[in-house]
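A short write-up of the structure that comes next.
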Number of protein chains: 4
Amino acid sequence: MDDVIAQIRQFRDERDWKQFHDPKSLAVSISIEAAELLEHFQWIDKAQSAQHAAENREEIADEIADVAIYLIELADVTGIDLKSAILAKLKKNAVKYPVEKSRGKITKYTKL
Amino acid sequence: MDDVIAQIRQFRDERDWKQFHDPKSLAVSISIEAAELLEHFQWIDKAQSAQHAAENREEIADEIADVAIYLIELADVTGIDLKSAILAKLKKNAVKYPVEKSRGKITKYTKL
Amino acid sequence: MDDVIAQIRQFRDERDWKQFHDPKSLAVSISIEAAELLEHFQWIDKAQSAQHAAENREEIADEIADVAIYLIELADVTGIDLKSAILAKLKKNAVKYPVEKSRGKITKYTKL
Amino acid sequence: MDDVIAQIRQFRDERDWKQFHDPKSLAVSISIEAAELLEHFQWIDKAQSAQHAAENREEIADEIADVAIYLIELADVTGIDLKSAILAKLKKNAVKYPVEKSRGKITKYTKL
């Protein structure tokens, strides 16, 4: 993933865009891109959504990438190591959702 | 990143949660987590947001991780390679935002 | 609706909160509240969602109200008359989605 | 507001769209439209946002209307009276944020 992060930085810096990349602007941008991703599934049933994703694979891959790029940029400017953040969160989630109690169950309050 | 993806899969499969992870449900979840990340910056000025992020580093890292985990899970169930998707999108963005025309400028229609 | 708007203004002004209610902060807040509303339906099927809404009526009414309050506050500070804005948009939508072509059909690009 | 609600219903029913308007689909749509509204303020400073809203008044009024229309449609299909829901929520908020303790202060945990 390091070379991806390097390419994202290069893209940003060639355009001198780091000046716009304060954490709030990136958080706002992540929400906007997440909604564009969601728009692909706006009127679709959960049960149809795998097939729908397969039929619109490139567009959906682009939207996933848009969210990912802003997320990587936010991690970058805040000095958060994305990989460590994910692993730390998985550990917290493992405590919050013990295997025995969580197996096959998902509720409103289940994150992940 | 491969071992991170492997750990996310393991977490999900130990709980038998793949059954809930249709693409639409994951896209919805990404939007919800993106908003929780945004909530940290709800009333904050852009200019204050770097300091705010530094002071709330762990909470913000957790929210970034929540978005990232769902994003990785969505890529996983749709068979989209996250790294390739990002690189492909960067190429499209490079065409859309040529260095000479984009340097130091950002508009409503600028994605990334 | 005028007395509702008057009460929302009074609530805000008694707390001296208008100073925080610039349009961007309210737009951010609308997105955050919209996501909290969406969270009630995170893992629910479309087909189950009417029953789910009936069973969680008060919580969902509260979330709808949260979005509505921020929306009314945004219209207020930008000097936009909400009723006129809705009627003007319905007219545009009627042109965009003529009855004969739109009946019983909804697409990704259908707004409303 | 009653005639606005009546016109929204008429618009929907002329197109036979009520079949698509389950609560979840409308909640998803509210989030998507809220993000489009937010997009107008993506790179803007809070302090600039009043002027920006004035300069883009019609576009922003349209986005506000899009959120409002879906919100009214959601209230309609769930049998929630929007006005009562707002007044009930204002009462709860008044308890949560007593005037004396809340005057001039806003925190991450302040809703409204």
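Of all the numbered requirements in (1) over 21 Å from A:Ala27 (Cβ atoms); (2) hydrophobic (A, V, I, L, M, F, W, C); (3) more than 16 Å from the chain's Cα centre (by Cα), D:Ile44 misses one, and that requirement is (1). Residue check: A:Ser49 meets all listed conditions (1) closer than 22 Å to B:Ala65 by Cβ; (2) at the interface with another protein chain (Cβ under 7 Å from one of its Cβ atoms) but one, namely (1). Output the residue which, of all residues in the range A:77-89 that are charged (D, E, K, R) and within 7 Å of chain B (Cβ to nearest Cβ), is surrounded by the most Cβ atoms within 10 Å (Cβ to Cβ). Applying the filter and picking the extreme gives A:Lys89. Take the residues in the range B:51-110 that are more than 16 Å from the chain's Cα centre (by Cα) and of a type in the set (Asp, Glu), then tell me which one is modelled with the lowest pLDDT. Out of the qualifying residues, it is B:Glu100.
Might you check whether a residue that is hydroxyl-bearing (Ser, Thr, Tyr) and surrounded by fewer than 18 Cβ atoms within 10 Å (Cβ to Cβ) occurs anywhere in the range C:101-108?
Here is the first cut: in the range C:101-108, the residues hydroxyl-bearing (Ser, Thr, Tyr) are C:102, C:107.
Applying the additional criterion that residues be surrounded by fewer than 18 Cβ atoms within 10 Å (Cβ to Cβ) yields C:107.
So far as the range C:101-108 goes, yes, one or more of its residues are hydroxyl-bearing (Ser, Thr, Tyr) and surrounded by fewer than 18 Cβ atoms within 10 Å (Cβ to Cβ).
Taking A:Ala6 as meeting all but one of (1) farther than 21 Å from B:Thr78 by Cα; (2) within 14 Å of chain D (Cβ to nearest Cβ), write down the number of the exception. Among (1) farther than 21 Å from B:Thr78 by Cα; (2) within 14 Å of chain D (Cβ to nearest Cβ), A:Ala6 violates only (2). Of the helices (runs of 4 or more DSSP H) lying entirely inside the range C:7-112, those carrying at least 3 residues that are among the hydrophobic types (A, V, I, L, M, F, W, C) are C:23-39, C:49-55, C:57-78, C:82-96. Filtering the range D:23-61 to residues that are closer than 30 Å to C:Ala54 by Cα and among the charged types (D, E, K, R) leaves D:Lys24, D:Glu33, D:Glu36. Residue by residue through the range A:57-76, note down the ones that are surrounded by 18 or more Cβ atoms within 10 Å (Cβ to Cβ) and more than 7 Å from every other protein chain (Cβ to nearest Cβ). Passing the criteria: A:Glu63, A:Tyr70, A:Ile72, A:Glu73, A:Asp76.
When the range D:88-108 is examined, which residues are found to be more than 30 Å from D:Phe20 (Cβ to Cβ) and aliphatic (A, V, I, L, M)? Give the steps one after another, and end with the answer.
Just the residues of the range D:88-108 that are more than 30 Å from D:Phe20 (Cβ to Cβ), to begin with: D:90-108.
If the condition is that a residue be more than 30 Å from D:Phe20 (Cβ to Cβ) and aliphatic (A, V, I, L, M), then D:Leu90, D:Ala94, D:Val95, D:Val99, D:Ile106 are the ones that fit.
Restricting to the range D:55-112, name every residue that is without any contact (Cβ under 8 Å) to a residue 40 or more places away in the chain and acidic (Asp, Glu). Answer for the range D:55-112, where residues must be without any contact (Cβ under 8 Å) to a residue 40 or more places away in the chain and acidic (Asp, Glu): D:Glu55, D:Glu58, D:Glu59, D:Asp62, D:Glu63, D:Asp66, D:Asp81, D:Glu100.
When restricted to residues that are within 14 Å of B:Met1 (Cα to Cα), in contact with a helix residue (DSSP H, G or I) (Cβ under 6 Å, 6 or more places away or on another chain) and among the aliphatic types (A, V, I, L, M), the range A:77-89 contains 3.
Residues in the range D:9-38 that are in contact (Cβ under 8 Å) with a residue 12 or more places away in the chain and facing another protein chain (nearest Cβ under 7 Å): D:Asp22, D:Pro23, D:Ala27, D:Ser29, D:Ile30, D:Ala34, D:Leu37.
The values are calculated or read from the model by the stated rules, or taken from the named source; none is laboratory data. Given the structure is predicted, the values throughout are model-derived calculations rather than measurements. All Cβ positions, even for glycine, are placed from backbone atoms using ideal geometry, and neighbour counts span all protein chains on display.
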